[in-house]
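As C-alpha cells, the structure follows; a few thoughts come after it.
None of the figures in this text is laboratory data; all of them are computed from the coordinates on show. These numbers come from a predicted model, not from an experiment. Quick reminder, even Gly has a Cβ in these numbers, built from the backbone with ideal geometry, and neighbours come from all protein chains shown.
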Amino acid sequence: MTKILVAEHAGACFGVERALRMTEDAARKAKGPVHTLGPLIHNHRVVSELRAQGVTAIEGLDEVEPHATILLRTHGVTPWVETQAKETGAHVIDATCPFIKRVHKAVERLDAAGYQVIVIGEAGHPEVEGTCGHTHTALVIGSATEVAHARLGKRVGLVVQTTLSRRVVREVVDALVGRVDELRLIDTVCEATRDRQLAAAELAEKADVMMVVGGRNSANTCHLAQICEERCASTYHVEHEDELVAEWFAGASCVGITAGASTPAAHIEAIQRRVEELCA
Ligand code: SF4
C-alpha cells in the first residue's frame, strides 16, 4: 500500500489567506464592480475561481470605473501606483501582505540612511518592482554571477524577495563580501517560505514521487519544485488534479505532496484525493 504524505508546512500562507478573505469579502459586499490590480496571487486556478465570483484582474487603472472597488494585490505596489489607484475615485483596499509592507519600510530606512539598496530577487517580479518603488535607486540582483557586473557603491544595504531560497541569498552575500566597504543585510525572507522549503526538502528525501502543487507562474512554488527535484528524481509540478497520470505512481511506496504559499488547502486536498485514487 502506497503511503501518501503531505509536507508539515504546505500551501496558502498567512498573507495569501488574508488577501483571499479580503477579496471574497469585497465581492460579497461591494455594490459596483470588484477588480484586482493584476492577478491577486500567482495562481491561475485561484484567479479563475475569483472571476467566477465576479472579481476580475485588470492590468491598468484606465479600465477602472469610479464606483468600482480595487484590491491591491498580495505582492504590493509602488507608492505611485497606490496614489494613482486612489485618484481614480474607486474604493481602494490594500491586500498587500503585512510582511511585504515590512520590506517596503526596510528599503525606505536603508535609502534614508544613505545605503545603495540592493534587492536580491527576480527582476520584473511584481513584489520586487513594488519594493524598488519605495527607494530612489534600487538595484536588483538575481544570482551571485550578476554581482560581478554590478555597479556597486561603498555602502550597500540588502533586502530579499520574501519567497527567495536562502541558498541564493547566501551565494549573493558571499559574492558581495570584499567588494564593498559596508554590507548590511536585512533578512526579509518570509518564515512561511522557509518553513515550506525545509518541510519539502525533508519529505522529498524519503518520497519516491513528489507532487508540487501550485501556479507555474508562482516563484515560491517553482523554488519548491527545484528543491524537490534535487532530492527526488520523480518530482512533478502540477496545478490541477486532472494533470495527474497513473504511470507516475507505478511501484511507488511513498508519495509526498507539497504546495506553494499561493495554493489554497482545497487544491491540495483535491490532489491528495486523486493520488489516492490512482494508487488504489
Ligand atoms: S509568503 Fe510570506 S511574505 Fe509572501 S504573502 Fe505569504 S506570508 Fe506574505
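Go ahead and run the numbers for FRET between residue 206 and residue 14, Cβ-Cβ distance against an R0 of 41 Å, rounding to 0.05.
According to the calculation, E is roughly 0.90.
The alpha-carbon of residue 86 sits under 21 angstrom from the alpha-carbons of these lysines, leaving out residues fewer than 8 places away in its chain: 29, 31, 101, 105. Residues of the stretch 45-67 with an amide N closer than 16 Å to a point placed 7 Å from the Cα of residue 31 along the Cα-to-Cβ direction: 65-67.
The stretch 40-74: which GluC sites (Glu not before Pro) are DSSP loop and have at most 11 other beta-carbon atoms within 10 angstrom? The qualifying sites are 59.
Charge dipole of the stretch 99-190 (Cα centre as origin; +1 on each Lys and Arg Cβ, -1 on each Asp and Glu Cβ, all else neutral): 220 debye, rounded to the nearest 20.
What trypsin sites (Lys or Arg not before Pro) in the stretch 134-172 are in a loop by DSSP, with at most 13 other Cβ atoms within 10 Å of the Cβ?
Passing both the DSSP loop test and the Cβ count: 151, 154.
Listed by Cβ neighbour count within 10 Å, with the fewest neighbours leading, 165, 262, 253 appear as 253, 165, 262. What does the helix-only formula give at 222 nm for the chain: each DSSP H stretch with n ≥ 4 adding -39500 (n - 2.57), the total divided by the residues, and the result rounded to the nearest 500 deg cm²/dmol? Calculated mean residue ellipticity at 222 nm is -12500 deg cm²/dmol. In the chain, taking the dipole from charged Cβ atoms about the Cα centre, the farthest positive-side position among 192, 265, 34 is held by 192. Taking the Cα centre of the chain as reference, the dipole from Cβ charges on Lys and Arg (+1) and Asp and Glu (-1) amounts to some 740 debye.
Looking at the stretch 1-75, the trypsin sites (Lys or Arg not before Pro) that sit in a DSSP loop and have at most 14 other Cβ atoms within 10 Å of their own Cβ are 31.
For the stretch 140-280, a/c is not less than 1.5, where a ≥ b ≥ c are the root eigenvalues of the C-alpha gyration tensor, and a/b tops b/c. That puts it in the prolate class. In this calculation the C-beta distance from residue 101 to residue 194 is compared with R0 = 25 Å, giving a FRET efficiency of 0.85. Taking a spot 7 Å from the Cα of residue 244 along the direction of its beta carbon, which residues of the stretch 257-280 have an amide N less than 18 Å from it? So the set is 257-260, 263-280. Placing a label point 7 Å from the Cα of residue 83 along the Cα-to-Cβ direction, the residues of the stretch 122-165 with a backbone N closer than 14 Å are 133-136. The length gained by stretching the chain between residue 61 and residue 277 to full extension, at 0.36 nm per residue less their Cα-Cα distance, is 73.2 nm.
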